[in-house]
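Notes follow the structure.
The values are calculated or read from the model by the stated rules, or taken from the named source; none is laboratory data. This structure is a prediction, so every number in the text was calculated from the model and none was measured. All Cβ positions, glycine included, derive from the backbone under ideal geometry; neighbour counts span all protein chains shown.
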Amino acid sequence: MTKYFVISAFCILFLASAIIATEIHYHLAMFQNESAHSQATNPLSHHLERALLSSLLYTVIGVFLLVMIVSYFVAKKMSTPLVRMRYAAEEMANGNWEVRTDMKGHDEVSELGKSLNQLAEQLQAQESVRKQMTSDIAHELRTPLSTLKSHMEAFEDGVWEPTTERLRSCTEEINRLIHLIEDFDRLNDVEAPQFTLKKEYVDISGIMMQAIEAVQAAAIQKNIKIQTKLHPCFLAADRERMIQVLLNILTNALAYTPRGGEIEVAVEEKSGYALLSIRDNGEGMSKEGVQRAFERLYRDDPSRNRRSGGSGLGLSIVKRLVKAHSGEVWIESRKGEGTAVFITLPLGKC
């Protein structure tokens, strides 16, 4: 839009200059012609002065009118897309995320309209995620709450005796609810604007070993061997957060690895980065599961019960914590061939 103002101003200035130059030339020619035939130059000087003043006055009036006309059309050209954008913004404020502005060109107003369209697309996507997440949370809470409700009603009606095993089942459902809420709390903590890491210079192999020791008892119960190949790699990291990351991945690996299976854990240095890998020989994941594994509440196999499948938030937390460490995390897996989770973290001091 700036170019329209520049072009208009240049044209008006050029036109006014041309008119003034033409008028001055015309009146000077008349003055010279008349002064050649008359000795009285004073009246001629007054005539020239009046002629120049009147010419300037008419030129100023003409330029003013021209500026008004040009300004009207330029303002109309500017206001039309702005009005459309205001309408789109009002529709977005009312919850209509599908509204878009039809903007063409590459000027500032067009770029603003395109940015508004991008904002609408992002808000629409976030609204879709919010609705899906709300539905998923309701589903996650409904199952254990329904189980607890049915147990309590059976106890009250005398249908069931409150045996130790049935009470333990209620306790397990309560623990799953607590675990789900704690996972949401951790995820919100990581995504909060004020979230910060307490970095220190650590050996990531030592942190990996500490995480392995924490799950060793669970591995022994399922007769799963954890093979390690750890090389010292020093980097700046938040020890507690990295233990949280590795525990999430190791817990998933144990949950999806069959009894008597094996998990391979490795830490090595590659091109200025520490490469961490955790491989299992479990059932593997589908192609869609690999792509969506880091989404909130996503499970590759919805039929798995919540006791073995977890809350579906662990990998979302992992991704955000790794990203906070300027690293990357990804999954490689195929159905029936196991799963491998890889993490890269930059080496160096704090």
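General remarks:
- For region 40-63, a residue qualifies if it is modelled with pLDDT of 65 or more, under 19 Å from Leu15 (Cα atoms) and either of a type in the set (Gly, Ala, Ser) or surrounded by 11 or more Cβ atoms within 10 Å (Cβ to Cβ) (or both), and the qualifying residues are Ser54, Ser55, Leu56, Tyr58, Thr59, Val60, Gly62, Val63.
- Unmet criterion (only one of (1) more than 28 Å from Glu295 (Cβ to Cβ); (2) in contact (Cβ under 8 Å) with a residue 12 or more places away in the chain; (3) outside any helix (DSSP H, G or I)) for Gly113: (3)
- Entry remark, region 203-244: residues being farther than 22 Å from Asn281 by Cβ, in contact with a helix residue (DSSP H, G or I) (Cβ under 6 Å, 6 or more places away or on another chain) and β-branched (Val, Ile, Thr) number 2 in total.
- Residue match in region 63-79 (condition: closer than 14 Å to Leu112 by Cα and outside any loop (DSSP other than H, G, I, E, B)): yes
- Taken together, the criteria place Asn175 among residues that are among the polar types (S, T, N, Q) and either surrounded by 13 or more Cβ atoms within 10 Å (Cβ to Cβ) or farther than 18 Å from Lys323 by Cβ (or both).
- Options Glu182, Glu156, Glu173; residue that is under 13 Å from Leu313 (Cβ atoms) and of a type outside the set (S, T, N, Q): Glu182
- Condition check for Ile137: exposed (fewer than 14 other Cβ atoms within 10 Å of the Cβ) and hydrophobic (A, V, I, L, M, F, W, C): no
- Residues of region 180-224 satisfying the condition of being small (Gly, Ala, Ser) and closer than 30 Å to Arg259 by Cα: Ser205, Gly206, Ala211, Ala214, Ala217, Ala218, Ala219
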